1. Using the count of nearby Cβ atoms within 10 Å as a rough guide to exposure, how do Arg305, Arg102, Arg63, Arg345 rank from fewest to most?
2. Let me check I've understood the local charge: for Lys207, count other residues with C-beta under 13 angstrom from its C-beta, Lys and Arg +1, Asp and Glu -1. What total comes out?
3. Could you pull out every one of the lysines with an alpha carbon less than 30 Å from that of Lys337, ignoring same-chain neighbours closer than 8 positions?
4. Report the net charge of residues surrounding Ser322, where surrounding means a beta-carbon distance below 13 angstrom and charges are Lys +1, Arg +1, Asp -1, Glu -1.
5. Between rounded, prolate and oblate, where does region 43-135 land on the alpha carbon gyration tensor, with a ≥ b ≥ c its root eigenvalues, rounded for a/c under 1.5, else prolate if a/b exceeds b/c?
6. What whole number of Å gives the distance from the Cα centroid of region 311-340 to the Cα centroid of region 270-293?
7. From the Cα trace of the chain, what convex hull volume per residue do you get, rounded to a whole Å³?
8. Roughly what angle does helix 225-234 make with the longest principal axis of the chain, taking Cα atoms, 0 to 90 degrees, to the nearest 10?
Amino acid sequence: MAAFKQLVFSGVQPTGNLHLGNYLGAIVNFVKLQSTHDCIYCVVDMHAITVWQDPAELTKATREVTAAFIASGVDPKAHIVFNQSQVAEHAELAWVFNCVARLGWLNRMTQFKEKAGKDRENASVGLYAYPNLMAADILVYRATHVPVGEDQKQHLELSRDIAQKFNNDYKDTIAARGFGDAFFPQPEPLIQGPATRVMSLRDGTKKMSKSEPSDQSRINLTDDPDTIALKIKRAKTDPDPLPDNEKALEPRPEADNLVGIYAALADTSKADVLQKFAGAQFSIFKPALADLLVEKLSPITAEMRRLKDDTAYIDGVLADGSRRAQVIAAETMKSVKDIVGFVRR
Ligand code: TYM
């Protein structure tokens with residue numbers, strides 16, 4: 001397999017409020033990876049419109065996600081932050097991938113089944129083809145590492161299958177153009193930390209999500225300290241005290257979730273948290289968790305609020321990031337066109 005320069009790419013949809021799952025499952029890792037890798041972080045507005053978005057809300061949410069990245073510690077100067085629709089090459093490569101991916105592969109995607117629900121006939125074609133665009137997002141930069149939460153694992157596997165099939169289908173022109181045996185890398189998912197799947201505060205068997213109707217089920221990055229404390233206080237738990245080992249958390253999804261959240265915020269492991277709180281009742285643990293949440297999130301919330309109103313700055317970051325991203329993406333697309341056999345200028 002050809003060697004590829006290590007590059008990190010990830011994306012977040014600008015749909016509704018960002019929540020603790022997005023933060024701990026993805027954004028915290030975006031921030032960490034900056035010290036070891038070149039990183040590209042994208043606000044995926046084209047993915048967002050696979051389900052209806054009010055145009056004014058979409059614009060607002062795009063700026064809010066950008067503000068959240070920066071407020072959390074993503075550096076848009078040292079790395080690249082941009083919104084997907086400003087780099088047309090994503091859509092261009094996605095079309096090629098629509099012709100590489102097989103219907104059978106997309107039919108297996110659980111996220112489509114969940115999102116389309118029972119009324120599948122009425123789902124957009126974009127929602128169905130979504131994973132092909134996601135593969136294009138990553139591979140248009142020939143990115144090698146993709147930090148995501150657990151729920152994106154299946155999509156990442158599909159991206160790998162697409163890369164592999166492209167490399168195989170076009171192996172002769174890939175070799176003839178001097179790219180050896182592979183034009184695209186196999187992007188590796190980075191699903192890291194103790195909170196790769198943050199669960200609903202109301203039901204420990206369901207994922208924390210933007211689309212869940214009850215706001216009590218999630219902590220939003222825009223929540224104020226009182227709201228956070230109240231939501232944690234009301235979070236579903238069981239009557240037992242915290243155990244002294246992780247195994248004992250397995251049959252207790254709500255307890256497991258809260259311990260995972262604490263561990264991720266404190267940048268430690270669940271085992272360490274249990275060592276500290278073994279035998280404690282939730283009446284002790286919950287206020288400690290709420291305090292930690294407020295301590296970690298309120299500086300981010302405050303900075304987000306400040307940045308969000310500075311649309312000139314945010315739009316400037318996105319424009320600058322798009323220009324820099326496009327240089328890389330255009331280079332890839334030139335080669336893809338040659339490999340596929342498209343005549344170009
Ligand atoms: P999205 O916008 O739904 O979520 C953004 C990131 O947050 C993670 N996440 C969670 N992690 C832990 N617990 C949760 N409850 C939770 N909910 C969400 C997601 O795994 C994700 O990392 N398809 C992607 C966006 C995307 C993308 C890409 C990602 C488009 N192109 C290319 C990586 C690479 C999505 O809908 O994420």
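Where a number appears in this text, it was derived from the coordinates with a stated rule and is not lab data. The shown structure was predicted, so the numbers you read here are calculated from the model rather than taken from an experiment. Here the Cβ positions follow ideal geometry from the backbone for every residue, glycine too, while neighbour counts run over all protein chains shown.
1. Final ranking by Cβ density, sparse to dense: Arg345, Arg102, Arg305, Arg63.
2. Residues near Lys207 contribute +2 overall.
3. Lys5, Lys153, Lys165, Lys171
4. Net local charge, Ser322 excluded: -2.
5. Note, shape of region 43-135 comes out prolate.
6. 45
7. 148
8. 70
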